[in-house]
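Have a look at the structure below, then the notes.
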Amino acid sequence: MDPKPISKLPLVHPDYRYPAAKNPYALKLKEHPGWAYSDNDIEEFAGHWRDKFLDLNHKSTRKLIVEIGCNTGHVVREWALANPKNAYIGIDWKFKIIHRGVEKAQDKGLKNLIFMRGNVDRIRYMFGAEEIDEIHMYFPDPWPKKSQRKNRTIQARFLKDAAFALKPNGLFFIKTDHDAYFEWMLEEFNKVEDIWTVEKVTHDLHAGNSDAHKLEIPTVTLFEKLFIKDGIPIKAAWLRRK
């Protein structure tokens, strides 16, 4: 039997290649080498991301911290500002918001922050084994319809791939506002208890904090501020890589 064409391989196949992007911001990202990487270019540097940061001071002591679904980087940018000895990577799917994130990082002169445009379902190929110290994912798309649930990021296969990229004892911190998705997550955690320890779970992260509405970025995200204002409890889970 002839091999399946690369263009038709499933997204998580090791030989998969991103199709050529027609989005005008795809070309704009290429104008910012060292600040932004996208699609197939991301996977060329798996295992070597610490070497790609423009500022290599404190290289040996840095943590590599990744935020999945970073939008324009309003959270990860504040982390990078406050912790110049750490290296940060923000990942999102949309070219335009990643480009905007790069512009904001450049305005701040943040040489310890890199942005990636890519599908995080390929995290096993985006990073080398045990390359990341921490992963953060805040308010991923809940794909609420039954027919959409297969698209949810947090499921057993992804958790296995994330564990591949995370160092032993590394942290994976997740937040969501969506009750049904959170219950789904808890079920998926049970399927990978051989590689993850669920250290803590809460169905109301800000319970008892009468000043939660005063919390600012990066303690909370832009979405989270709105959820708190509307009285929507924030669900959260802390996973530890065994």
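The values are calculated or read from the model by the stated rules, or taken from the named source; none is laboratory data. Computed from a prediction, not measured in an experiment: that's the story for all the values here. For neighbour counting, all protein chains shown are included, and Cβ atoms are generated from backbone atoms with ideal geometry for every residue, glycine included.
Among the strands (runs of 3 or more DSSP E) confined wholly to the stretch 133-242, which include 3 or more residues that are crowded, with 19+ Cβ neighbours inside 10 Å?
166-176, 235-241
Residue by residue, here is whether (1) within 17 Å of GLU103 (Cα to Cα); (2) basic (Lys, Arg) holds:
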site	(1), (2)
LYS22	no, yes
TYR25	yes, no
LYS30	yes, yes
ALA36	yes, no
ARG62	no, yes
GLU67	no, no
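What is the one condition in (1) closer than 25 Å to ARG77 by Cα; (2) touching a His at 6+ places or on another chain (Cβ under 9 Å) that PRO144 does not satisfy?
(1)
Taking the stretch 22-37, which residues are part of a loop (DSSP other than H, G, I, E, B) and under 16 Å from ILE91 (Cβ atoms)?
Answer for the stretch 22-37, where residues must be part of a loop (DSSP other than H, G, I, E, B) and under 16 Å from ILE91 (Cβ atoms): HIS32, TRP35.
Pick out the one residue from GLY73, GLY69, GLY47 that is surrounded by fewer than 16 Cβ atoms within 10 Å (Cβ to Cβ), modelled with pLDDT of 95 or more, within 25 Å of PHE173 (Cβ to Cβ) and of a type outside the set (Ser, Thr, Tyr).
From the options GLY73, GLY69, GLY47, the qualifying one is GLY47.
Out of the residues in the stretch 95-123 that are in contact (Cβ under 8 Å) with a residue 60 or more places away in the chain and either in a loop (DSSP other than H, G, I, E, B) or among the polar types (S, T, N, Q) (or both), which is surrounded by the fewest Cβ atoms within 10 Å (Cβ to Cβ)?
GLN106
Just the residues that are aromatic (Phe, Trp, Tyr) and buried (at least 20 other Cβ atoms within 10 Å of the Cβ), please, taken from the stretch 85-94.
The answer is TYR88, and nothing else.
When only residues in the stretch 146-200 that are within 24 Å of LYS63 (Cα to Cα) and among the acidic types (Asp, Glu) count, which is farthest from the chain's Cα centre (by Cα)?
For the stretch 146-200, the residue satisfying everything is GLU199.
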